[in-house]
Amino acid sequence: MTVPLPLDDPRPARGPTVSALIGTAFAAPFAAAAVAVWLTGEPQTIGRVLVLVLVYGAATLAFAAGMRGGAAFGPYSRRRIARQLSLSFLPALAAVVILLLPPIPAVALLIGAFVLQAMWDVGTLQRGTLPKPFSVSRLMLAAISIVSLLAILARLMLTVG
């Protein structure tokens, strides 16, 4: 007896709504940080918020790497599993680099990492290789995070300049 994959579930999916909420919840700290850096005029407070954003961003990328690594295992060829596992380490590697960089390049790299994750997730969604709720959640996280991080980057550039 074969067990159907979640992709084969014929029932109407209610997942995207819940998934969108999960993605939004994971992105909320980025949005709160963007508001915080624009409401404060104190460089020390901006610095503290920035540290929290970078650590949370690095943790989020590492979590994304783990999700991708876990999703790589499935009814796929060995070659595909190896490729997906290899690629899944890139967000975690970016997370480490982000924590070692000065603030502006670190935020810029974090934005780039979320953009690349979003592109990867769009491809996954289009190919149907992972359940739709997975991609919807990740795309909500990416969209809100990218906009929030762009706002933080703009504030940093105005503060430094």
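Data for the structure
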quantity: Subset of region 20-48 [free of Cβ contacts under 8 Å to residues at least 60 places away in the same chain and crowded, with 16+ Cβ neighbours inside 10 Å]; calculated: Pro29, Ala36
quantity: Filtered residues of region 121-143 (kept if part of a helix (DSSP H, G or I), in contact with a Leu (Cβ under 8 Å, 6 or more places away or on another chain) and within 23 Å of Ser77 (Cα to Cα)); calculated: Asp121, Val122, Thr124, Leu125, Lys132, Ser135
quantity: Region 102-128, residues that are surrounded by fewer than 20 Cβ atoms within 10 Å (Cβ to Cβ), touching a Phe, Trp or Tyr at 6+ places or on another chain (Cβ under 9 Å) and touching a residue at least 12 places away in the same chain (Cβ under 8 Å); calculated: Leu125
quantity: Region 49-74 - residue that is of a type outside the set (A, V, I, L, M) and buried (at least 20 other Cβ atoms within 10 Å of the Cβ) and, of those, modelled with the highest pLDDT; calculated: Gly57
quantity: Some residue of region 78-101 being loosely packed, with under 12 Cβ neighbours inside 10 Å and outside any helix (DSSP H, G or I); calculated: no
quantity: Unique match (being within 12 Å of the chain's Cα centre (by Cα) and among the charged types (D, E, K, R)) among Arg80, Arg68; calculated: Arg68
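The values are calculated or read from the model by the stated rules, or taken from the named source; none is laboratory data. What you see is a predicted model, and the numbers here were worked out from it, not measured in a lab. With ideal geometry, Cβ positions are generated from the backbone for all residues, glycine too; neighbour counts draw on all protein chains shown.
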